[in-house]
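What follows is a set of notes on a single structure, which appears directly below.
The values are calculated or read from the model by the stated rules, or taken from the named source; none is laboratory data. All of these numbers come straight from a predicted model, not from anything done at the bench. Heavy atoms of the whole protein, side chains included, go into the accessibility calculation; ligands, DNA and RNA do not. Shrake-Rupley method; radii C 1.70, N 1.55, O 1.52, S 1.80 Å.
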Amino acid sequence: MVEARASAKINLTLHVTGRRDDGYHLLDSLVVFADFGDRITVRPATATRLTVTGPMAAGVPVDAGNLVLKAAALIGVSADIMLEKYLPAAAGIGGGSSDAAATLRALSEMAGVAVPCDVLSLGADVPVCLAGGAAWMRGIGEDVTPLAGVPPLYAVLVNPGVAVATPEIFAGLTTRDNPAMPEPLPTWPETSDFMAWLATQRNDLQAPAIAKEPIIAEVLATLLDTPGCQLARMSGSGATCFGLYDSAERASAAAGRLAQDRPGWWVVATRLNAA
């Protein structure tokens, strides 16, 4: 038996810098991972089977459309796979992609085979999820550069319980050739320097996501209203948003307050880039 964690992926920045002739958008994103996520367990089997459990298991498909099974087919290893689901679906935090990446890692370890070189066919977020850790993601997701010097951050993740379809959010973009992050990226001697720099960056999908689901604006405003929140932004194509804090204590207190005041929201205090 082999276990692997499928951590939540957080886009601290997400700049849409263009669109290719085939319709795929070009991205420029600083990605980190939470110390919270789903869990994959694999055991040898003669035929692959997927079982989904956990608080977010409802509605998760167990047929060939699930990225976990697509990942198993890509690496060519049969296994009994259990997915413990803690992350909401269609939430902008790479749940399915992270599950696929964790499946590849677990099956590679179990069977002693290499992870396929090209995993982009599983989804744009799978390469960065497979790399893990802080990374600069560019292109359509295939260009992933690990980043040193990105400080860990204390965060609260909030999803208001709405699923957002990524294609609809991209379709709502009014500008598709936005500025990229500076190259080279600056250095951040202190966490405060990093937070100040992040405040100058963007998620270009945030505005069209709010136009589609106005409750996202409410989530951002609610996060900013919690004591100690220094920055609030949407991750990916939404609807999950993150608030950043200067201590684990403040993040935990904010999460507790939000969970009490908004019982219908998914709320988690976590540490980003903890590895």
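Going by the alpha-carbon gyration tensor, a ≥ b ≥ c the square roots of its eigenvalues, is segment 1-114 rounded (a/c under 1.5) or, if a/c is not under 1.5, prolate (a/b greater than b/c) versus oblate?
Since a/c reaches 1.5 and a/b is larger than b/c, the shape of segment 1-114 is classed as prolate.
For Met1, what accessible surface area do you get with a 1.4 Å probe? Give it in Å², rounded to 10.
Around 130 Å² of this residue is reachable by solvent.
Check every DSSP H run in the chain and write down those whose alpha carbon atoms cover 15 angstrom or more along the long axis and whose mean Kyte-Doolittle hydropathy is -0.5 or greater.
Qualifying helices: 95-111, 248-261.
Need the list of lysines near Lys70 for cross-linking: C-alpha distance under 28 angstrom, and skip anything on the same chain fewer than eight residues off.
Of all the lysines, those that pass the test against Lys70 - Cα under 28 Å, at least 8 places apart if same chain - are Lys9, Lys85.
Just the accessible area for Glu109, please: 1.4 Å probe, Å², rounded to the nearest 10?
That residue has around 130 Å² of solvent-accessible surface.
Pairs of Cα atoms under 8 Å, at least six residues apart: use those to get the relative contact order of segment 1-142, whole percent.
Relative contact order of segment 1-142: 31 percent.
Could you look at the chain and say what percent of its accessible area is carbon and sulfur, using a 1.4 Å probe and all protein chains?
Here carbon and sulfur together make up 53 percent of the probe-accessible area.
On average, how much accessible surface per residue is there in the chain, in Å², for a 1.4 Å probe, leaving out ligands, DNA and RNA?
For the chain, the per-residue accessible area is 43 Å².
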